[in-house]
Amino acid sequence: MRRLLLTGFLVLYACTLAFSAGSQPMLLQNPTLSKTQIAFAFGGDIWIVSRSGGDAHCPVTGTGLLGGPRFSPDGSMIAYTGNYEGNLDVYVVPALGGEPRRLTYHPGPDVAIGWAPDGKSVLFRSLRYSYADSDQLFTVPVEGGFATPLPLITAEDGAFSPHALHIA
């Protein structure tokens, strides 16, 4: 019984510390892996650390709330969702760091969720063609261009098969 009470007290104390640091707890979110690195969202920024450990660094410059990082299949790029001007859009940045490149410009929320297996386009969800408040999946070329809807009427998340013949 003492152990249970002590455990409960410690959990309550940890939660109190997390909420007293600010209005929201600052927890790492949305981890994604490449062969050598881990990217994650923390405190509204994207961070990268080696899979073997060490100090994390922030590859994305600029201000805004950033989240949902996703490594490209070869690990050289990170797609993420950025809120730089009051709207969620899809961005990419080299994993080594640099200036982000905006890929979507729709006034509604566009949320990065993955990559095509060849690394030439980013998979994202959007309400852009919705009439019933349901998301649909799209791809957008990494080099820029128009978004292409996938032939699914409703989807929140997804991933391509290795040869991009199927999507789950």
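Some observations on this one:
- The one condition in (1) in a strand (DSSP E or B); (2) out of contact with any His (no Cβ under 9 Å at 6 or more places or on another chain) that Pro107 fails to fulfil: (1)
Results for (1) of a type in the set (Asp, Glu); (2) within 21 Å of Asn30 (Cβ to Cβ); (3) touching a Leu at 6+ places or on another chain (Cβ under 8 Å); (4) modelled with pLDDT of 95 or more, shown as yes or no for each residue.
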| position | (1), (2), (3), (4) |
| --- | --- |
| Gly53 | no, yes, no, no |
| His57 | no, yes, no, no |
| Thr61 | no, yes, no, no |
| Tyr91 | no, yes, yes, yes |
| Ala112 | no, yes, yes, yes |
| Leu127 | no, yes, no, no |
| Thr139 | no, yes, yes, yes |
| His163 | no, no, no, no |
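- Residue, surrounded by the fewest Cβ atoms within 10 Å (Cβ to Cβ), within segment 82-100, restricted to residues that are touching a residue at least 40 places away in the same chain (Cβ under 8 Å) and within 20 Å of Asp157 (Cβ to Cβ): Val92
- The set of residues from segment 119-138 being farther than 14 Å from Ile167 by Cα and either among the acidic types (Asp, Glu) or free of Cβ contacts under 8 Å to residues at least 40 places away in the same chain (or both) comprises Lys120, Ser121, Ser126, Leu127, Arg128, Tyr129, Ser130, Tyr131, Ala132, Asp133, Ser134, Asp135.
- Single residue of segment 121-158 satisfying the filter (surrounded by fewer than 13 Cβ atoms within 10 Å (Cβ to Cβ) and small (Gly, Ala, Ser)) that is farthest from Pro73 (Cα to Cα): Ala132
- Checking each residue in segment 37-56 for being within 16 Å of Asp74 (Cα to Cα) and not in a strand (DSSP E or B) picks out only Arg51.
- Every condition in (1) within 18 Å of Gly67 (Cβ to Cβ); (2) modelled with pLDDT of 90 or more holds for Glu156 except the one numbered (2).
- Output for segment 101-113, where each listed residue is out of contact with any Lys or Arg (no Cβ under 7 Å at 6 or more places or on another chain) and surrounded by fewer than 21 Cβ atoms within 10 Å (Cβ to Cβ): Arg101, Arg102, Tyr105, Pro107, Pro109
- Those residues of segment 26-42 which are out of contact with any Leu (no Cβ under 9 Å at 6 or more places or on another chain) and not polar (S, T, N, Q), in sequence order: Met26, Leu27, Leu28, Pro31, Leu33, Lys35, Ile38
- Sole residue being modelled with pLDDT of 95 or more, more than 19 Å from Thr148 (Cα to Cα) and in a loop (DSSP other than H, G, I, E, B), chosen from Pro73, Pro69: Pro73
The values are calculated or read from the model by the stated rules, or taken from the named source; none is laboratory data. Computed from a predicted structure; not experimentally measured. Every residue, glycine as well, gets a Cβ built from its backbone with ideal geometry; the counts of neighbours run over all protein chains shown.
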